[in-house]
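Everything below concerns the one structure shown next.
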Amino acid sequence: MAVEVQAISLPNDAVKFVKVWWRVYETDDQWVPPLIAERKTFFNPAKNPYFDVADVQCFIAYKDGEAVGTIGVSHDRDLEATMPGYGSFGFFEFTNDEEVAQALLDAGAAWLRNRGLQRMVGPFNF
């Protein structure tokens with residue numbers, strides 16, 4: 001089945017975004033999960049000052065109806081001053097599936113391209 005990538009809304013979908021990582025790392029004994037409450041605050045534009053200088057969009061990838069990956073992209077207006085045309089990506093977490101990884105990168109790149117940016121650098125977890 002094809003991969004479907006959906007944009008999410010922050011802060012409303014922050015927990016849903018973060019919870020994908022449990023699926024991604026379910027077989028990794030070394031993975032230390034983040035604190036949900038902290039991530040909820042982090043992904044809240046009213047509480048994280050990064051949102052004052054950047055436009056951010058996060059995405060979740062689905063395959064066979066299951067959430068299998070995430071990516072967040074940002075257009076940082078401060079970075080624009082020294083690196084014109086650059087956008088950033090991070091929170092790039094996905095199951096061991098090249099199709100999922102490519103779909104997430106494509107969605108992030110398209111979002112940045114729609115804002116006039118030509119390059120995407122990362123990983124950068126703002």
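The values are calculated or read from the model by the stated rules, or taken from the named source; none is laboratory data. Keep in mind the model is a prediction, meaning the values are calculated, not measured. Quick reminder, even Gly has a Cβ in these numbers, built from the backbone with ideal geometry, and neighbours come from all protein chains shown. These accessible areas exclude ligands, DNA and RNA; they are computed on the full protein's heavy atoms, side chains included. Shrake-Rupley method; radii C 1.70, N 1.55, O 1.52, S 1.80 Å.
What pairs come up if the first residue lies in the stretch 30-45 and is of a type outside the set (V, I, T), the second is open to solvent by 60 Å² or more (accessible area, probe 1.4 Å) and in a helix (DSSP H, G or I), and their beta carbons are under 8 Å apart, counting only those six or more places apart or on different chains?
P33/W22
Check whether at least one residue in the stretch 9-28 is closer than 19 Å to F124 by Cβ, without any contact (Cβ under 8 Å) to a residue 40 or more places away in the chain and assigned to a loop (DSSP other than H, G, I, E, B), and report yes or no.
no
Collect the residues in the stretch 35-45 that are under 15 Å from the mean Cα position of the chain (by Cα) and not in a helix (DSSP H, G or I), keeping them in residue-number order. Quick ask: steps written out before the conclusion?
The initial filter retains those residues of the stretch 35-45 that are under 15 Å from the mean Cα position of the chain (by Cα), namely 39-40, 42-45.
Passing the criteria: F43, N44, P45.
For the stretch 70-100, how many residues meet the condition of being over 22 Å from P45 (Cα atoms) and assigned to a strand (DSSP E or B)?
The total comes to 1.
Is one or more of the residues making up the stretch 46-63 of a type in the set (F, W, Y), in a helix (DSSP H, G or I), out of contact with any Leu (no Cβ under 7 Å at 6 or more places or on another chain) and open to solvent by less than 40 Å² (accessible area, probe 1.4 Å)?
First, pick out the residues of the stretch 46-63 that are of a type in the set (F, W, Y): 50-51, 59, 62.
The next check asks that each one be in a helix (DSSP H, G or I); those that pass are 50-51.
From the residues that got through so far, the ones that are out of contact with any Leu (no Cβ under 7 Å at 6 or more places or on another chain) too are 50-51.
With open to solvent by less than 40 Å² (accessible area, probe 1.4 Å) added as a condition, the list becomes 50-51.
Yes; the residues of the stretch 46-63 include at least one that is of a type in the set (F, W, Y), in a helix (DSSP H, G or I), out of contact with any Leu (no Cβ under 7 Å at 6 or more places or on another chain) and open to solvent by less than 40 Å² (accessible area, probe 1.4 Å).
Restricting to the stretch 108-126, what's the tally of residues that are open to solvent by 20 Å² or more (accessible area, probe 1.4 Å) and part of a helix (DSSP H, G or I)? I'd like the intermediate steps shown before the answer.
Narrowing the stretch 108-126 to residues open to solvent by 20 Å² or more (accessible area, probe 1.4 Å): 109-111, 113-116, 118-126.
Next, from what is left, pick out any that are part of a helix (DSSP H, G or I): 109-111, 113.
The number of residues fulfilling the criteria is 4.
Looking only at the stretch 67-81, decide whether some residue is at pLDDT 95 or above and open to solvent by 40 Å² or more (accessible area, probe 1.4 Å).
no
Residues checked against (1) in contact with a strand residue (DSSP E or B) (Cβ under 7 Å, 6 or more places away or on another chain); (2) open to solvent by 60 Å² or more (accessible area, probe 1.4 Å); (3) at pLDDT 95 or above:
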site: S9; (1), (2), (3): no, no, yes
site: N12; (1), (2), (3): no, yes, yes
site: V24; (1), (2), (3): yes, no, yes
site: A37; (1), (2), (3): no, yes, yes
